[in-house]
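The values are calculated or read from the model by the stated rules, or taken from the named source; none is laboratory data. Nothing here was measured: the structure is a model prediction, and the numbers come from that model. A quick note on method: Cβ atoms are made from the backbone with ideal geometry, for glycine too, and the neighbour counts reach across all protein chains shown. All accessible areas refer to the heavy atoms of the entire protein, side chains included, with ligands and DNA or RNA removed. Shrake-Rupley method; radii C 1.70, N 1.55, O 1.52, S 1.80 Å.
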Amino acid sequence: MSRETWQHGGVTAATHSTLFPQVPDSADAVLDGLDPEQREVATALRGPVCVLAGAGTGKTRAITHRIAYGVRAGILQPASVLAVTFTNRAAGEMRGRLRQLGASGVQARTFHSAALRQLQYFWPKAVGGTLPRLVDRKIQLVADAAAACRIRLDRGELRDAAAEIEWSKVTQTVPADYAVAAAGAGRQAPRDPAEIAQLYAAYEDLKRGRGVIDFEDVLLLTVAVLQDRHDVAEQVRAQYQHFVVDEYQDVSPLQQRLLELWLGDRDDLCVVGDASQTIYSFTGATPDHLLDFRSRHPGATVVKLVRDYRSTPQVVHLANGLLAQARGRAADHRLELVSQRTAGPEPVHTEYTDEPAEAEGAARRIRELVDSGVPAAEIAVLFRTNSQSETYEQALADAGVPYQLRGAERFFDRPEVRKANSALRAAARFGGNDSLLDDAVDLPSQVRAVLSGEGWVPEPPAGSGAVRERWESLAALVGLAQDFAAARAGATLSDLVVELDERASAQHAPTVQGVTLASLHSAKGLEWDVVFLVGVAEGMMPITYAKTDEQIEEERRLLYVGVTRARERLHLSWALARSPGGRPSRRPSRFLKGLRPGSGTTGGRVAAGGPAGVERGFGAGGAAAVAAPRRTARTPARCRVCGRSLTDAGEMKLMRCEDCPSDMDEGVYERLREWRAVQAGRSGQPAFCVFTDKTLMAIAESVPEDERELARIPGVGARKLNRYGAEVLAICAGQEGVGLDGDD
Ligand code: ATP
Ligand code: MG
C-alpha cells in the first residue's frame with residue numbers, strides 16, 4: 001500500500017492499483033520505473049555486476065527489474081535464474097515483485113531453501129537413501145550434548161552455546177579449532193572456550209548418532225556434495241546460469257562458498273548490498289565479500305546508487321547523521337543518502353519513565369494514526385530483542401489496534417489457507433451452483449459464504465493464539481477477494497482461484513491488516529510509512545553484551561537499518577526504568593548523541609525523573625517540547641498475593657504472578673466476557689480491542705466499586721474508562737443485562 005493512500009484519501013484506488021498493478025506491456029516498459037543508474041544495473045545482464053548503495057536507493061527494485069527485463073526481453077530463461085536473499089519474507093517479496101513485472105518462474109529463495117531443495121534432490125544419487133531429518137529444535141540437542149558432557153548451562157547460556165556452534169559451522173571451524181578461532185574473532189563464549197569446543201564435538205556426535213541434521217548442515221552438506229561430485233555440480237550448473245544476490249553484505253563464508261560452487265568458472269553474478277547495513281556479523285557474516293567484489297572480479301560493472309526514494313529528507317538526515325559517527329571498514333564505504341521525497345515531519349524523540357509507559361505511549365499514538373486514516377499495515381513497531389514484543393502486543397491490544405507478529409511468508413502453506421483454497425476451488429467447479437452461494441450475488445460475498453464453511457465469521461474471535469491466527473488468515477483471503485473484485489470488474493470465483501494458485505506458486509501473500517511487530521533484524525529490506533523504534537536506550541541499543549568496538553558498530557548499523565525503514569514518520573523512544581516505580585537509571589542510546597534534541601556534543605540528557613513522556617520534535621529549530629502526555633508515576637508493580645515484584649507485562653496486568661492463586665469472581669468474569677462480545681460486535685472490532693482477557697480477569701479479581709478503583713487496573717486507560725466505565729462498574733455491582741441489548 002502506498003503512502004498516497006492515507007495522505008490524499010484515495011485509499012481504495014491506490015490500494016488496488018498497488019496490490020493488482022498493471023503488468024508492464026513490454027521489456028522496455030519494465031525499465032520505465034528506473035533511474036539511469038538503476039537502468040544500468042537492469043541492462044547489464046552479462047558478467048559480474050556489483051551494486052553498492054545505501055538504504056532505500058532501489059537496490060532490490062533494480063535487481064528485480066533486471067531479472068524481469070532479461071526474462072521479458074528473452075535474454076534470460078526464467079528457469080536458469082537463481083535469485084537468493086536472506087529471509088523467507090524477502091524471498092517471498094521478491095517473487096511477488098517479479099510476478100507483478102510479468103516474470104514468473106524465476107527461483108527466488110533463501111540460501112538455505114535453495115540448498116535444501118538441491119540436497120533433497122541429489123541425496124539419493126550422491127549419498128544414497130533419503131536425506132536425514134532436519135532437527136527443528138537445536139537447543140534441545142545442545143542441552144542433551146551438555147548433559148552428556150556434564151556441563152551445566154542455564155537457558156541463556158544454552159542459547160549462547162548454540163550460537164557459538166552455529167558460528168563455528170558457518171565459518172567452517174571444527175571443534176578442535178574453536179578456541180583459537182573464537183579468540184581471533186573476539187567472540188565472547190558463555191563458558192571456557194575449551195568447554196564450548198567439547199560441547200560442540202558432543203553435539204555433532206549426538207546428531208550423527210540420532211541420524212539427524214541441523215540448519216547449518218544443509219549448507220555444509222550441499223557444499224560437500226557439490227565439491228565431491230562433479231556430475232552433480234555440473235547438473236546444478238546446467239540448470240542455473242544467472243545468479244543474483246540481494247543483501248550481499250550479510251553473506252557468510254559458507255554461503256559464499258556455496259555461491260562459488262554454483263557459479264563454477266562462470267561469472268554471471270549480480271550482487272547488491274550496503275556495507276552500512278551489515279547486521280549479521282555475529283553469525284559469521286562479513287561485508288568483505290561485497291567490498292572486495294571488484295578485486296575478485298576485475299572486469300565487474302560497479303554501480304553506485306545514492307538517491308533515496310524511500311524516506312523523507314528528515315528521516316534521511318537522521319540516517320546520515322548516524323552513519324557520520326560510524327567507524328570501521330563498513331563505515332569507510334558509507335554513501336551519503338540524498339532523499340528524493342518532499343519534506344515530511346521531523347522524527348519524534350520521546351522519553352518515558354518506564355517500559356510499560358513507553359509501550360502505552362506508542363500504542364496511543366498508533367491508535368491516533370489509525371483513527372486518522374493511516375492503514376495499520378503501514379505502521380511498524382521495531383525492537384532490538386524479541387522479548388520486548390509481549391509488552392507491545394499487550395499495549396496495542398489495550399489500545400484496540402490489530403497487529404501481526406509473523407511474517408507474510410509461507411502464507412499459502414498454512415493449513416487453514418490450503419483448506420480454504422480447496423473449498424474455493426470446489427465451489428468454483430460447481431460454477432456458482434452450490435446452494436451455499438444462493439444468496440451471494442458478488443464475488444466477495446461468494447468468498448465469504450464459502451469461507452464461513454471453513455470457520456470464517458465476520459467478527460474475530462477473542463484473544464490471541466492459534467484460533468485468532470486462523471481467523472486472520474481467512475480474513476486476509478476475504479480481503480484479497482474484495483481487492484481482486486474491485487480491481488477486475490466482473491471477475492468470477494474461477495478467476496479468483498486462478499489468481500490464488502498463481503500467488504501460491506509465487507508465495508505472494510496478501511497483506512494481513514495489522515501493525516507489524518518485528519525485531520530490527522527481521523525488518524531488513526522492508527519499509528513502512530510510519531516506524532516506531534522503541535527501546536532506544538543504553539543496554540538495549542547497543543545491547544548490553546555488545547562489548548568490543550566492532551560489536552558496538554554493528555549495533556549502530558542495526559539502528560541505521562531501523563531508521564531507514566521509515567518512509568514518512570519516525571518515532572524513537574526509550575524508557576528511564578524497566579518497571580513502573582523502578583530506579584530511572586537508564587540513558588538514551590549513545591548513538592543519538594548530537595542527533596536528538598538536548599544532546600549536543602556535551603550530551604545534555606533529559607533529567608532522570610523529569611516529566612515522563614516529554615516529546616521533542618527534532619529539527620533545525622532544536623528541541624521543542626510538543627506535549628507531555630498524561631501519566632502518573634506508579635509504585636512498583638507487586639504481586640498482590642505473594643508480594644513479589646512483577647516485570648512480566650501479562651503478570652503486571654493481572655497484578656499477581658501468573659501461578660499465584662486467583663481469587664477471581666467467575667460470575668463477574670463470565671458476564672464481562674458476554675458484555676465484551678456484544679461491544680466488539682457493535683463496534684466492529686476484535687474483542688481484545690475492547691479489553692484483553694487479562695484485563696477482564698483483573699477486573700473480575702478486584703471487582704472495583706468506583707471509577708477510581710477501576711482506573712487503577714492496568715489496561716483501563718482514560719479512553720476506555722470514559723467509554724465503558726459505567727457499564728463495567730454496573731456489571732461488577734451485579735446489575736443484570738448491562739449493555740447486552742439495544743443499540744449503541
Ligand atoms: P534496502 O537497503 O532497505 O534493502 P533498497 O535499496 O533495496 O533498500 P528498495 O526497497 O528497492 O530499496 O526501494 C526503496 C523504495 O523506493 C521502494 O518503495 C521502491 O519502490 C522505491 N523506488 C526505488 N527506486 C525507485 C525509482 N526509480 N522510482 C520510484 N520509486 C523507486
Ligand atoms: Mg533491498
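For residue 56, nonlocal amide neighbours, meaning residues 5 or more places apart or on other chains whose placed amide H falls under 5 Å from its own, do not occur.
Length gained on full extension, residue 718 to residue 130: 205.6 nm, using 0.36 nm per residue less the C-alpha separation. Our coupling estimate for the range 269-283, obtained by passing each phi through the Karplus curve with A = 6.51, B = -1.76, C = 1.60 and θ = phi - 60°, is 10, 10, 10, 10, x, 9, 4, 6, 10, 6, 10, 10, 4, 4, 9 Hz, Gly and Pro reported as x. Measuring between their Cα centroids, the range 178-240 and the range 387-401 lie 39 Å from each other.
Per residue, the accessible area of the range 137-203 comes to 51 Å², computed with a 1.4 Å probe over protein heavy atoms only. Relative to a virtual label point 7 Å from the Cα of residue 185 in the Cα→beta-carbon direction, which members of the range 136-161 show backbone nitrogen distances below 13 Å? Residues 161 fall inside that zone.
Heavy-atom accessible area with a 1.4 Å probe sorts 669, 203, 121, largest first, into 121, 669, 203. Students often get this wrong: which residues of the range 714-733 have the backbone nitrogen under 16 Å from the point 7 angstrom along Cα-to-C-beta of residue 682? Hits in the range 714-733 for residue 682 at 16 Å: 720-732.
Extension gain, residue 386 to residue 294: 0.36 nm times the residue separation minus the Cα-Cα distance gives 29.4 nm. Maximal additional length on extending the residue 740-residue 174 stretch stands at 197.1 nm, based on 0.36 nm per residue less the C-alpha distance. The distance between label points at residue 163 and residue 23 comes to 4.5 nm (points 7 Å beyond Cα on the Cα→Cβ vector). Report the label-to-label distance for residue 666 and residue 104 in nanometres (one decimal), using points 7 Å from each Cα along the Cα→Cβ vector. It works out to 5.5 nm between the two label points. Under a model in which nothing but the beta-carbon of Lys, Arg (+1) and Asp, Glu (-1) is charged, the chain shows a dipole of about 1480 debye around its Cα centre.
Here's the picture: charge each Lys and Arg Cβ at +1 and each Asp and Glu Cβ at -1 in the chain, and of 226, 715, 733 the one pushed furthest to the positive end of that dipole is 226. In order along the range 334-344, phi translates into HN-Hα couplings of 5, 10, 6, 7, 10, 5, 9, 9, 6, 4, x Hz, rounded to whole numbers, per the Karplus curve 6.51 cos²θ - 1.76 cosθ + 1.60 with θ = phi - 60° and x for Gly and Pro.
With both residues required to sit in the chain, DSSP beta bridges show an antiparallel share near 15%.
If the label point is 7 Å along Cα→Cβ of residue 265, which residues in the range 183-227 have backbone nitrogen under 14 Å from it? Correct set: none at all.
Proximity of backbone amide H atoms, modeled 1.01 Å from N, is registered between residue 108 and 83 at under 5 Å, excluding neighbours fewer than 5 places apart on the same chain. Would the range 99-144 count as rounded, prolate or oblate if I go by the C-alpha gyration tensor, calling it rounded below 1.5 in a/c and otherwise prolate when a/b exceeds b/c, oblate otherwise? It comes out oblate by the Cα gyration axes. Between the residues 43, 450, 64, the greatest Cα displacement towards the positive end of the dipole of the chain, with unit charges on the Cβ of Lys, Arg, Asp and Glu, is found for 43.
Summarising the amide proton neighbourhood of residue 537: residues at separation of 5 or more, or on other chains, whose placed amide H is nearer than 5 Å comprise 589. Restricting attention to the chain, the count of lysine pairs at 8 or more positions apart or across chains with alpha carbons under 16 Å apart stands at 8. Rounded to the nearest Hz, the phi-derived 3J(HN,Hα) couplings of the range 670-679 under the Karplus curve 6.51 cos²θ - 1.76 cosθ + 1.60 (θ = phi - 60°) are 4, 5, 5, 5, 4, 4, 4, 4, 5, 4, where x marks glycine and proline.
What FRET efficiency comes out for residue 304 versus residue 711 if R0 is 56 angstrom and r is the Cβ-Cβ distance? Round to the nearest 0.05.
Numbers: r = 57 Å, r/R0 = 1.01.
Plugging the Cβ-Cβ distance into 1/(1 + (r/R0)^6) gives 0.50.
Given R₀ = 22 Å, what would the calculated FRET efficiency be for residue 79 paired with residue 32, taking r from the Cβ atoms and rounding to 0.05?
Working: r = 26 Å, r/R0 = 1.18.
With a Förster radius of 22 Å, E is 0.25.
In the chain, the calculated helix contribution to ellipticity at 222 nm averages -14000 deg cm²/dmol per residue, counting -39,500 (n - 2.57) for every DSSP H run with n ≥ 4.
What is the calculated FRET efficiency for residue 445 to residue 120, with r their C-beta to C-beta distance and R₀ = 51 Å, to the nearest 0.05?
On the way: r = 42 Å, r/R0 = 0.83.
According to the calculation, E is roughly 0.75.
Projected label points at residue 578 and residue 239, each 7 Å from Cα along the beta carbon direction, are separated by 4.9 nanometres.
For the chain, with all protein chains present and a 1.4 Å probe, just round the carbon and sulfur fraction of the accessible area to a whole percent.
Working: 15810 of 31480 Å².
Taking all protein chains in place, the chain shows 50 percent carbon and sulfur surface.
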